[in-house]
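Participant: Before I ask anything, here is the structure I am working with.
The values are calculated or read from the model by the stated rules, or taken from the named source; none is laboratory data. Bear in mind that the values here come from a model prediction, so they are computed numbers and not experimental data. Methodologically, a virtual Cβ is constructed for each residue, glycine included, from the backbone with ideal geometry; neighbour enumeration extends over all protein chains shown.
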Amino acid sequence: MKTLQSIPSSLVAQSRTIDKESIQLYAQLCDDFNPIHVDEDFASRTPFGRPIAHGTLTLALVWEAFQQTFGRDVLPGAEAEIRFVRPVKVDTRVTARGTRTEAAPGHHWAVDVTTDDGVVVLQGTVTLPATTPLG
Amino acid sequence: MPVDKVADIWTYDRFTENTPIGECTVTPDARELALWHQVSGHDTAGPHDPSTSGLSERSGDGSGDGSTTGSPVGLPGGLLLALAMRGYLSVVQPRPPGNVHASSLLRWGVTAAHADEPLLVRVSCLSKHIARERRWVDLLVTVVDRDDALILSNQLKMVWAA
């Protein structure tokens, strides 16, 4: 077991532009072709004006941040509370970040995803099981 | 949409609290694993040095080899979540357009799921209420393996459109 000092205090931030192609790929994966995600004409008539990403597609960037930080999938046994705060319109560049909180050292993380303009689109917490070796 | 299908739409009124809705089977395969790698683009990097906390740019074009297939560590947790969403969408359909996924409470089991092994997705309605003229529906999506071991549960809080 790594000591607390050896566990990173933040996740390796991950950025990507959520483009039409990634939304289409995720739609195929989930079999979710809701026109708000994949139909530009339909989306243009909604308050969003443009197609928006599936919430769990945006969330995938958070999992990627854990993957890149710890070098593997740390989700087995984990819990997460996630709020999809704002829609992510197609071609928006977003960044996922995470910070280890002091309340439960090493295993409790506050995470968020923001746009380049600093708008928070996703927020939540991720708790890894105490048995998860980190670092 | 045919009239009988309109009648079948899962409107807010149709949900009953604490009641199972249905179940289906999803079988993750190599195609879905490849899609996941394309979406996440995380198969190209090895373990990262945690001592550095720099920003990493993802191209999203995932060109990896899909080497997770058959791995003893099991399928990625993010892929399992995507499959849980697929199961929910398969069971609760047709839906009115415009539903909003507001939040999720996620719990992964410790049992690994593997490609080509069927998973059972169960969907139930936990609760519903109307607040500030919004129709809130809480759904529980549970994914288990053939031995009924928990793979993932996803408690979705939805704002239902109609």
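Participant: Would you check if B:Asp61 is assigned to a loop (DSSP other than H, G, I, E, B), closer than 18 Å to A:Gln24 by Cα and modelled with pLDDT under 90? Before the answer, list the steps.
Facilitator: On the way: assigned to a loop (DSSP other than H, G, I, E, B): yes; closer than 18 Å to A:Gln24 by Cα: yes; modelled with pLDDT under 90: yes.
Considered against the rule, which asks whether it is assigned to a loop (DSSP other than H, G, I, E, B), closer than 18 Å to A:Gln24 by Cα and modelled with pLDDT under 90, B:Asp61 comes out as yes.
Participant: Residue by residue through the range B:81-121, note down the ones that are in contact with an Asp or Glu (Cβ under 9 Å, 6 or more places away or on another chain), among the β-branched types (Val, Ile, Thr) and surrounded by fewer than 22 Cβ atoms within 10 Å (Cβ to Cβ).
Facilitator: Matches in the range B:81-121: B:Val91, B:Thr111.
Participant: Also, quick follow-up: So the check is Cβ under 7 Å with 6+ separation or different chains; which pairs have a first residue in the range A:62-73 that's within 15 Å of B:Val39 (Cβ to Cβ) and a second one that's among the acidic types (Asp, Glu)?
Facilitator: A:Gln67/A:Asp73
Participant: Taking the range A:76-97, which residues are under 14 Å from A:Val111 (Cα atoms) and not small (Gly, Ala, Ser)?
Facilitator: Result: A:Glu79, A:Glu81, A:Ile82, A:Arg83, A:Phe84, A:Val85, A:Val94, A:Thr95, A:Arg97.
Participant: Does B:Val73 meet the test of being of a type in the set (Val, Ile, Thr), assigned to a helix (DSSP H, G or I) and modelled with pLDDT of 50 or more? Spell out how you get there, then give the answer.
Facilitator: On the way: of a type in the set (Val, Ile, Thr): yes; assigned to a helix (DSSP H, G or I): no; modelled with pLDDT of 50 or more: yes.
Taking the combined requirement at face value, the residue does not satisfy it.
Participant: Quick check on the range A:39-59. Is at least one of its residues at the interface with chain B (Cβ under 8 Å from one of its Cβ atoms), in a helix (DSSP H, G or I) and at pLDDT below 95?
Facilitator: Among the residues of the range A:39-59, not one is at the interface with chain B (Cβ under 8 Å from one of its Cβ atoms), in a helix (DSSP H, G or I) and at pLDDT below 95, which makes the answer no.
Participant: Follow-up. Anything in the range A:78-124 that is surrounded by fewer than 18 Cβ atoms within 10 Å (Cβ to Cβ), in contact (Cβ under 8 Å) with a residue 40 or more places away in the chain and in a loop (DSSP other than H, G, I, E, B)? List them, or say none.
Facilitator: A:Asp91, A:Pro105
Participant: Looking only at residues that are farther than 24 Å from B:Arg14 by Cβ and part of a strand (DSSP E or B) in the range B:130-162, which one is nearest to the chain's Cα centre (by Cα)? If you could, list the steps in order and put the result at the bottom.
Facilitator: Step one: list which residues in the range B:130-162 are farther than 24 Å from B:Arg14 by Cβ, which gives B:144-152.
When the remaining residues are screened for being part of a strand (DSSP E or B), the result is B:144, B:150-152.
Values: B:Val144: 12, B:Leu150: 14, B:Ile151: 11, B:Leu152: 9 Å.
Here the residue is B:Leu152.
Participant: May I pose another question? Condition test on B:Ser127, is it more than 12 Å from every other protein chain (Cβ to nearest Cβ), over 14 Å from B:Glu23 (Cβ atoms) and not in a loop (DSSP other than H, G, I, E, B)? Don't jump to the end; show me each part of the working.
Facilitator: Working: more than 12 Å from every other protein chain (Cβ to nearest Cβ): yes; over 14 Å from B:Glu23 (Cβ atoms): yes; not in a loop (DSSP other than H, G, I, E, B): yes.
Considered against the rule, which asks whether it is more than 12 Å from every other protein chain (Cβ to nearest Cβ), over 14 Å from B:Glu23 (Cβ atoms) and not in a loop (DSSP other than H, G, I, E, B), B:Ser127 comes out as yes.
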